[in-house]
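I have placed the structure first, in the form of structure tokens, so that the comments after it can refer back to it.
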Amino acid sequence: MTAERAPILLAEVRQVAMPLLKPFVTGFGVTDTRHTVLVHLRDEDGHEGWGEAPALDHPYYLPDTTATAFRIAVDFALPVALQAGSPEPAVVAAAMSTIRGNTFARAGVEEAFWSLQAAAEGRSMRSLIGGPRDRAAVGESLSIAETIDETLEEVALRLGEGYRRIKLKIRPGWDEVPVRAVREAFGDDLFLQVDANAAYTLDHLPELRRLDGYGLACIEQPLEWDALLEHAELQRAIETPVCLDETLRSPADVRRALDLGACRNVNLKPGRVGGLTASMQIAELCRARGVALWCGGMLESGIGRAGNLALCSLDAFTDPADMSPASVLFAWDLVDPTFEVSPDGTIAVPEAAGLGFPVRHDRIEAQTVAHAVVLEA
Ligand code: OSB
Ligand code: MG
């Protein structure tokens, strides 16, 4: 569609603080408040665009942090996007590709342009992305618990709620024991996988090999965040499919990883790969090569999850997404009503125009800890 678009009159970036219901524990630490970055656009017709740059508030997952995502969005990504010459998301994404790395900031800006376009055209983001599915299958990503009993309780709870897959966070010393306990309690048919968040090295080969006997769908990011060749070496030495998360930050990264045999399973997070345009390219690559693909999560608010859900409408996704709803993670969401998981373990892809969920401006205002206006006309 090339209809004349109303000019953008407001472009701003906010850092907001969202308290988690309980701390999220992984191999790289504990998070009890989710600090995230929002990008907000408004055009002359009053249409709104919202995007989320869901970097973490520390540099232990990837180099990007909440603070750097905020800064890059304000100083570079949003100004470059506003001068791209067109508000079309693909044009905006191409303009921002001059920015090296800083994928979360670019993704947040790009999502705001996607949702603004959807609002301006009175269409859903799903219809812009063009996926055939109207529901996304979901699993749960469990944070590291204190005890095995707590882990088993949470797995039972989520399976009872319909979640179709369980992902356990592991680290050296907390790997085979919880995996064995979950297999013994829930059987071999449970769709089970693990995520190490880069907590191992090739010196841990014996520990990683021991997981081969448990029929895991994949082991996610066992080795260092940038260890492409090492993951290829590991994949040759173990049977469980290696899944990459941290290592894959662009479509080219995914192509290289598949060519090298560094993974057989791909975790696709729009924030981590620089946006929905790059995500669509990765989905197409994985579909063409028959690679297992699923949508990961960054504990986004409903604003970021809206883009992830629209992406999940593509039929390239073979496995359930990490998409725990706000009711599991937060005291409240930044969108209201937000989404929930149905008893069949799926989430409806929003059909409403624009972002797809009503945004709670009042909560965003109340929770804002940093704010910068990039354009006010
Ligand atoms: O490694 O997949 C990860 C959350 C924050 C940072 C990294 C990861 C995660 C998750 C959360 O596993 C999944 C979700 O968003 O529901
Ligand atoms: Mg991960």
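The values are calculated or read from the model by the stated rules, or taken from the named source; none is laboratory data. Quick caveat: nothing in here was measured; it's all calculated off a predicted structure. Cβ sites come from the backbone with ideal geometry, for glycine too, and all protein chains shown count toward neighbours. The accessibility values were calculated without ligands, DNA or RNA, using every heavy atom of the protein model including side chains. Shrake-Rupley method; radii C 1.70, N 1.55, O 1.52, S 1.80 Å.
Based on the Kirkwood radius over alpha-carbon pairs, what is the Stokes-Einstein translational diffusion coefficient of segment 164-301 at 37 °C with 0.692 mPa s viscosity, in µm²/s?
For these conditions, the coefficient is 217 µm²/s.
Ignoring ligands and nucleic acids, what accessible area does Val138 show with a 1.4 Å probe (Å², nearest 10)?
Counting only protein heavy atoms, Val138 exposes about 0 Å² to solvent.
I want to make sure I understand the PRE zone here: with the label point 7 angstrom from the Cα of Asp336 toward its beta carbon, which residues in segment 351-369 have backbone N atoms less than 18 Å away?
The answer is 356-369, whose backbone nitrogens lie closer than 18 Å to the label point.
Give the angle, between 0 and 90 degrees and rounded to the nearest 10, that separates the Cα long axis of helix 176-186 from the longest principal axis of the Cα atoms of the chain.
It works out to around 90 degrees.
Could you tell me the ratio Rg/Rh of segment 148-214? Both radii from Cα atoms, Rh via Kirkwood. Intermediate results must be reported in sequence, preceding the final value.
Working: Rg = 12.2 Å, Rh = 12.5 Å.
Result for segment 148-214 is an Rg/Rh of 0.97.
Which whole-Hz ³J(HN,Hα) couplings does segment 190-197 yield from phi under the Karplus relation 6.51 cos²θ - 1.76 cosθ + 1.60, θ = phi - 60°, glycine and proline marked x?
4, 6, 10, 8, 10, 10, 9, 6
Which residues among segment 216-260 fall inside the zone where the amide N is under 11 Å from a point 7 Å beyond the Cα of Thr201, along Cα→Cβ?
224
Angle check, please: helix 302-311 long axis (alpha carbons) against the longest principal axis of the chain (alpha carbons), in degrees 0 to 90, nearest 10.
Result, in degrees: 80.
Kindly provide the pair-distance distribution of segment 250-314 built from C-alpha pairs, with 5 Å bins from 0 and whole-percent values in order of increasing distance.
Pair shares across the bins are 4, 18, 33, 24, 13, 6, 2, 0.
Could you tell me the calculated FRET efficiency between Val91 and Glu44, based on Cβ-Cβ distance and R0 = 22 angstrom, to the nearest 0.05?
Approximately 0.70, to the nearest 0.05.
Viscosity 0.692 mPa s, temperature 37 °C: what is the translational diffusion coefficient of the chain from Stokes-Einstein with a Kirkwood Rh over Cα pairs, rounded to a whole number of µm²/s?
D = 159 µm²/s.
Taking only Cα atoms, what is the 0 to 90° angle, nearest 10, from helix 103-121's long axis to the longest principal axis of the chain?
50
What is the Cα centroid distance between segment 280-306 and segment 34-100, reported in whole angstrom?
19
Per q in 0.24 1/Å, what log10 I(q)/I(0) does a Debye calculation on the alpha-carbon atoms of segment 278-377 return?
With no solvent term, the Cα-only Debye profile gives -1.31.
With only Lys, Arg, Asp and Glu charged, each at its Cβ (+1 for the first two, -1 for the last two), find how big the charge dipole of the chain is about the Cα centre; round to the nearest 20 debye. Walk me through the numbers on the way to the answer.
Values: 34 positive and 55 negative charges, 125 e Å.
Around 600 debye, computed over the chain.
Between Gln83 and Glu146, what FRET efficiency follows from the Cβ-Cβ distance if R0 is 41 Å, with the result rounded to 0.05?
The formula returns an efficiency of 0.20 here.
For the chain, what does -39500 (n - 2.57) per DSSP helix run (n ≥ 4), summed and divided by total residues, give at 222 nm, in deg cm²/dmol to the nearest 500?
The per-residue figure over the chain is -10000 deg cm²/dmol.
Lysines within cross-link reach of Lys22: Cα-Cα under 16 Å, excluding same-chain residues under 8 positions apart?
Lys169
Taking the Cα centroid of segment 316-377 and of segment 148-168, what is the distance between the two, rounded to the nearest whole Å?
23
Taking the alpha-carbon set of segment 297-350, what are its Rg and Dmax in Å?
Radius of gyration, then largest Cα-Cα span, for segment 297-350: 10.8, 33 Å.
Based only on Cα atoms, what Rg/Rh ratio does segment 1-134 have, Rh being taken as Kirkwood's radius?
My calculation puts Rg/Rh at 1.01.
In angstroms, what radius of gyration and Dmax does segment 223-277 have, counting Cα atoms only?
Cα-based Rg and Dmax for segment 223-277 come out at 10.7, 34 Å.
Under the √(5λ) rule applied to the eigenvalues of the Cα gyration tensor, what semi-axes describe the equivalent ellipsoid of segment 319-377? Give them in Å, descending.
Those come to 27, 15, 11 Å.
Give me the number: length gained by fully extending Asp189 to Ala372, i.e. 0.36 nm times residue separation minus the C-alpha to C-alpha distance, one decimal in nm.
Here the segment from Asp189 to Ala372 would lengthen by 60.9 nm.
At a probe radius of 1.4 Å, what is the per-residue accessible area of Cys312, in Å² to the nearest 10?
Roll a 1.4 Å probe over it and Cys312 shows about 10 Å².
Taking 22 Å as R0, compute the FRET efficiency from the Cβ-Cβ separation of Glu176 and Ile238 and round it to 0.05.
Once rounded, the FRET efficiency stands at 0.95.
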